[in-house]
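Each remark here refers to the structure printed beneath this line.
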Amino acid sequence: MSTKKKVILRKCATYDPDRVNSIIRESLADLGKKPKGKVLIKPNVVSANKNYIFDSYTHPTVVGAAIDILREYKVSDITVGESSGYGIPSRLFLKEAGYFDLAKEKKVRVIDFNEEAQVVLPLKKGMWHKSMIAARALAEADFKVWMPKLKYHICCTITNAIKLNIGILTHKERMLYHDDRLNEKIVDLLEVGFPDVVISDAIKITHGYESAPKPFDLGVILVADDPLAADTVAAKILNFKPTDVIHLVMASERGYGSIADKDIEVTGDVTVEELAQKTRHIVSEYQDIQKVDTRMKFYTGVDPDRGRECYGGCLAALKGALGTIDARRPGSVKNAKAGGIVMGVYKGDVIHPNEPVLMLGDCTRVEGKLEAGKIVRVKGCPLGTKQLFLMLPFTFGMSSPLLDPRDASLFIYNSIIKGGKRLVNWV
């Protein structure tokens, strides 16, 4: 028998339930998978907003199809779980994305990992995480189905099966090592978050800032029996070499699997080359902040302890805030007032004599000449996106999502429910 890991690529132009069901049913059979016991489905619901964030999450139709097919295997205990964007109740995003409606329709549990009973699991292979707090649904799962949304990523090149594991962490630990160690952190989580099967929603892939992204119709569903194989193929579809994806290389080096072509069998009704041809012209705006069209200028320094660019810390928070602000009010970033934004230890001059300069994070300093009309410091490590939603618009003349009455009321309402559920579990 072949020992190659398998990746199946199937054409799927729209979110047609019958077509999606058929693809998942046939693909699981082709992979020889037999789900059993307690099944956990982990989608990507990092964010959602019914007014302006529509494609950041795994489409509920794809998750609903997976639930239907799992039940054909006589699986009765199915949970859909997620821990979405930091600092905002996951139940808010789950509701905005339609997952609570899905729960009623399919009669399954849809949970926020932050609200559930939790256990501490040791990580023997972890570089930074030596343990992790895990929801019981994750710790007790017999069969794991990871269902990412294929996207370009502002920090980690791509987000698919391996990067999906950020969402198995509770918010209490989500930002630990979420700095220049982010790729290493992601691989640490594979010890707990190694799925039995991967089903990627690539019907619409996305680019730009992945939590408030722009869609692109790719028209494919990717199914695999191994997360490294899935991400190797996903990288090629987005026109990256697998070796361009740092956490993918690290996962292979730590013994989680192979990213070599000889160890991966790709089948289906469309080829990697055909899909890569479709995506070849996509430029994902926030992967390189220096390429963002704006009058603001960015000065990225290094972490003072390890001397590396803190790509997953203040820089990631800045990209996220700008991406969300622009998604809500297109053109906001381009038309922002001129000025400078500094992150980390910047070894050079920052000259803005009649303009504001924003200094982000506790460690930020300028080792060259600093000249500004005014200097605004935003403290924090990690730096919260909510802080930036206040300071960026105030400093550079943009509209803040925090001032949206609908979003603010939803945040307060869902925070109260989250607090109540956590209290019940604590008691």
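The values are calculated or read from the model by the stated rules, or taken from the named source; none is laboratory data. These numbers were taken from a predicted model, which means no experiment stands behind them. Quick reminder, even Gly has a Cβ in these numbers, built from the backbone with ideal geometry, and neighbours come from all protein chains shown.
Some points to look at:
- Search result, residues across segment 62-91 that are surrounded by 22 or more Cβ atoms within 10 Å (Cβ to Cβ) and touching a Ser or Thr at 6+ places or on another chain (Cβ under 8 Å): 82, 83, 84, 85, 89, 90
- Test: residue 85 is under 18 Å from residue 55 (Cβ atoms), among the small types (Gly, Ala, Ser) and in a loop (DSSP other than H, G, I, E, B): yes
- Matching option when the condition is under 20 Å from residue 44 (Cα atoms) and either modelled with pLDDT of 95 or more or over 21 Å from the mean Cα position of the chain (by Cα) (or both), among 74, 95: 95
- Residues in segment 397-427 that are touching a residue at least 40 places away in the same chain (Cβ under 8 Å), part of a helix (DSSP H, G or I) and aliphatic (A, V, I, L, M): 410, 417.
- Residue 55 charged (D, E, K, R), touching a Leu at 6+ places or on another chain (Cβ under 8 Å) and either modelled with pLDDT of 95 or more or surrounded by fewer than 24 Cβ atoms within 10 Å (Cβ to Cβ) (or both): no
- All positions within segment 254-269 that are β-branched (Val, Ile, Thr) and under 14 Å from residue 234 (Cβ atoms): 259, 264, 266
- Residue check for residue 373: surrounded by fewer than 20 Cβ atoms within 10 Å (Cβ to Cβ), closer than 16 Å to residue 297 by Cα and among the small types (Gly, Ala, Ser): yes
- Out of 88, 41, one residue alone is closer than 30 Å to residue 382 by Cα and out of contact with any Phe, Trp or Tyr (no Cβ under 7 Å at 6 or more places or on another chain). It is 41.
- Residues satisfying the stated conditions in segment 395-407, i.e. surrounded by 15 or more Cβ atoms within 10 Å (Cβ to Cβ) and within 23 Å of residue 355 (Cβ to Cβ): 395, 396, 398, 400
- One residue alone among 46, 110 is hydrophobic (A, V, I, L, M, F, W, C), part of a loop (DSSP other than H, G, I, E, B) and buried (at least 21 other Cβ atoms within 10 Å of the Cβ), and that residue is 46.
- Evaluation of residue 274 against the conditions (1) assigned by TED's automatic domain parsing to the domain that holds residue 24; (2) in contact (Cβ under 8 Å) with a residue 24 or more places away in the chain shows that the sole unmet condition is (2).
- Residue 332 being under 27 Å from the mean Cα position of the chain (by Cα), among the hydroxyl-bearing types (Ser, Thr, Tyr) and surrounded by fewer than 18 Cβ atoms within 10 Å (Cβ to Cβ): no
- Options 204, 185, 151; residue that is over 30 Å from residue 36 (Cβ atoms), in contact (Cβ under 8 Å) with a residue 24 or more places away in the chain, in a helix (DSSP H, G or I) and not acidic (Asp, Glu): 185
- Candidates 383, 392, 410 - the one that is surrounded by 17 or more Cβ atoms within 10 Å (Cβ to Cβ), closer than 23 Å to residue 316 by Cβ, touching a Leu at 6+ places or on another chain (Cβ under 8 Å) and modelled with pLDDT under 85: 383
- Identity of the residue in segment 329-360, touching a Pro at 6+ places or on another chain (Cβ under 8 Å) and part of a strand (DSSP E or B), that ends up nearest to residue 379 (Cα to Cα): 344
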